[in-house]
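Have a look at the structure below, then the notes.
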Amino acid sequence: MTTFDFDGQPVPLQPGDTILQAAQRAGHEVPHLCWHEGVSASASCRLCTVVADGRPVPACATPAVAGQRVECHTEALKTRRLHLLQMLFVEGNHFCPGCEKSGNCQLQHQAERAGMTDLHYEPLHPERPVDASHPEVWFEPNRCILCQLCVRASDELDGKRVFAIGGHGIGAKLLIDSESGRLGDSQLSVEDRAAHICPVGALLPKRVGFAQPYGQRTFDDAETRG
Ligand code: SF4
Ligand code: SF4
Ligand code: FES
């Protein structure tokens, strides 16, 4: 069987596999935020960075190669991930106890997995106005981590291109394709995949935030906490 080495374990690979796909299929967790099966990889968050044959690469967008040696959970990579996560937290406003995504949030989950106990950096406290103009979906830009999943889902799965990323650095933000720039004037429907793919609590269907009780959420299970 064709394999590569992942943190000292042989991992089988199939044609077309990325490192992340093959490793996850074999039961390894590869930390990620901007990857989602079903849409193309943007390799934008860099949380999944691994070292493949001595070179840092994004596991979500790098083909797995037979015989390759991949390191994922070294101390250096874990420290790098922790700092990436801390930066994401301070760039937005994340108050998990009051957030309806808590327990289902990839950012929160990854921070827990990384053992994050403080912010490390000075919080920026952005004051971006919430967009509640859509009757069924709301957008809280202060929680947006610019992962581009909604951008790709709207384009590739919904065929609409409701979203885009504009600006650079700290000025980068999610743009909405409508005359007013608001969600309520866009083509977005609550049935769209883009309305459900956000890994954090930035883009959320309204009135169902607490339909799934705390304690029964994706990352509430003790086993998924690891
Ligand atoms: Fe916490 Fe996630 Fe909500 Fe941010 S989006 S406040 S990390 S649960
Ligand atoms: Fe990603 Fe959500 Fe922001 Fe869209 S709204 S870019 S899915 S964090
Ligand atoms: Fe690979 Fe974001 S998950 S770069």
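Summary table below
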| quantity | calculated |
| --- | --- |
| Residue check for Val151: open to solvent by 20 Å² or more (accessible area, probe 1.4 Å), more than 18 Å from the chain's Cα centre (by Cα) and not assigned by TED's automatic domain parsing to the domain that holds Glu100 | no |
| Selection within segment 83-135 - among the hydroxyl-bearing types (Ser, Thr, Tyr) and closer than 19 Å to Ala172 by Cβ | Tyr121 |
| Scope segment 15-62; condition open to solvent by 60 Å² or more (accessible area, probe 1.4 Å) and part of a helix (DSSP H, G or I); matching residues | Gln21, Gln24, Arg25 |
| Segment 47-76 residues that are within 19 Å of Cys34 (Cα to Cα), paired with ones that are open to solvent by 30 Å² or more (accessible area, probe 1.4 Å) and within 16 Å of ligand 1 (Cβ to nearest atom) (beta carbon under 6 Å, 6 or more apart) | Leu47/Leu84 |
| Residue within segment 149-165 that is away from ligand 3 (no atom under 16 Å from the Cβ) and at pLDDT below 95 present | no |
| One residue from Ala76, Ala43, Ala52, Ala114 being touching a Ser or Thr at 6+ places or on another chain (Cβ under 7 Å) and small (Gly, Ala, Ser) | Ala52 |
| Count - residues of segment 150-178 that are assigned to a loop (DSSP other than H, G, I, E, B) and hydroxyl-bearing (Ser, Thr, Tyr) | 1 |
| Scope segment 9-27; condition farther than 17 Å from Val51 by Cα and either touching a Gly at 6+ places or on another chain (Cβ under 6 Å) or among the charged types (D, E, K, R) (or both); matching residues | Arg25 |
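The values are calculated or read from the model by the stated rules, or taken from the named source; none is laboratory data. Computed from a prediction, not measured in an experiment: that's the story for all the values here. Counting neighbours? That spans all protein chains shown, and the Cβs are built from the backbone with ideal geometry, glycine included. Only protein heavy atoms, including side chains, enter the accessible area calculation; ligands, DNA and RNA are left aside. Shrake-Rupley method; radii C 1.70, N 1.55, O 1.52, S 1.80 Å.
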